[in-house]
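Reading through the structure tokens given below for one structure.
Read-outs throughout are calculated quantities, based only on the coordinates presented, and are distinct from any laboratory measurement. Predicted model only: the values in this text are computed from it and were never measured. Backbone-built Cβ (ideal geometry, glycine too); neighbour counts: all protein chains shown.
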Amino acid sequence: MTKVLYPGSFDPITKGHMNVIEQASDLFDEVVVAVLQNQSKGLGFFTLEERLEIIRELYRDYQNIQVVLGNGAAVDLALLHGCKAIIRGLRGISDYDHEVQLAMTNQDISEGKVNTILLFASKEYQFVSSSMVREVFGLEKDINRYVDPFVQEKMLQKRRGY
Ligand code: ADP
């Protein structure tokens, strides 16, 4: 059985992330989506628990998608959950350098136990990022092309304060 880990900040989860998750769910037996705090990204829009709940709700009908919270190294989480590989998504060339560095580091620190598989989101989502969504949302513009309606509703609720 091939189980893979898809780690990320998912603040918020976008249609680009969702496209990668659904490709992975099609390709592999099991996908563990791990919501991680990215130290370099500050506190964020949603709390980690809110992100976890949102992603769980989006995938509650998928038998082979599990959503967890994690801290520390993605490779440790991958080993903990019995995942042989980490999935990462690529948006054109801009993500490439960073993702190669990450893949090599993860290979090193896991002593070759955890591989990395890069997937591409469909071309309509190639430019979508969580930071872009937060920015467009902050300008009070429509984000429905970039996130699921459920995510948009959660963002509106958070802005209204409940
Ligand atoms: P991180 O903080 O670890 O970069 P993100 O939530 O920003 O986490 O992204 C998680 C993964 O999903 C990364 O590999 C990122 O490159 C990928 N990703 C994000 N948006 C897209 C997209 N629109 N298309 C393909 N991959 C994406």
(request) Counting helices only, and only those DSSP H runs with n ≥ 4, report the 222 nm mean residue ellipticity of the chain as the sum of -39,500 (n - 2.57) divided by its residues, in deg cm²/dmol to the nearest 500. (result) -12500 deg cm²/dmol
(request) With everything on Cα atoms, drop me the angle between helix 149-160 and the longest principal axis of the chain, reported from 0 to 90° to the nearest 10. (result) 60
(request) Work out which trypsin sites (Lys or Arg not before Pro) in the chain are exposed loop sites (DSSP not H, G, I, E or B, at most 14 other Cβ within 10 Å) and give the longest gap free of them. (result) 1-59
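Tell me the GluC sites (Glu not before Pro) within the range 128-162 that lie in a loop according to DSSP and have at most 13 other beta-carbon atoms within 10 Å.
Values: sites: 135, 140, 153; in loops: 140.
The qualifying sites are 140.
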(message) Only four residue types carry charge here, +1 at the Cβ of Lys and Arg and -1 at the Cβ of Asp and Glu. Report the dipole size of the range 3-160 about the Cα centre in Debye, rounded to the nearest 20.
(response) 300
(message) Using only alpha-carbon positions, what ratio does the radius of gyration of the range 1-56 give when scaled by 2.2 N^0.38 Å?
(response) 1.17
(message) Between helix 48-58 and the chain, what is the angle of the helix's C-alpha long axis to the longest principal axis, kept within 0 to 90° and rounded to the nearest 10?
(response) 90
(message) Could you order the peptides 16-25, 70-79 from most to least packed, using the average number of other C-beta atoms within 10 Å per residue?
(response) 16-25, 70-79
(request) Excluding residues on the same chain fewer than 8 positions from residue 84, give the lysines whose Cα lies under 28 Å from its Cα. (result) 3, 15, 41, 113, 123
(request) Give the dimensionless ratio obtained when the Cα radius of gyration of the chain is divided by 2.2 N^0.38 Å. (result) 1.01
(message) Let me understand the range 52-128 better: what is its radius of gyration from the alpha carbons, and its Dmax, in angstrom?
(response) 14.0, 36
(message) What do you get for the angle between helix 96-109 and the principal long axis of the chain? Use alpha-carbon atoms, 0 to 90 degrees, nearest ten.
(response) 50
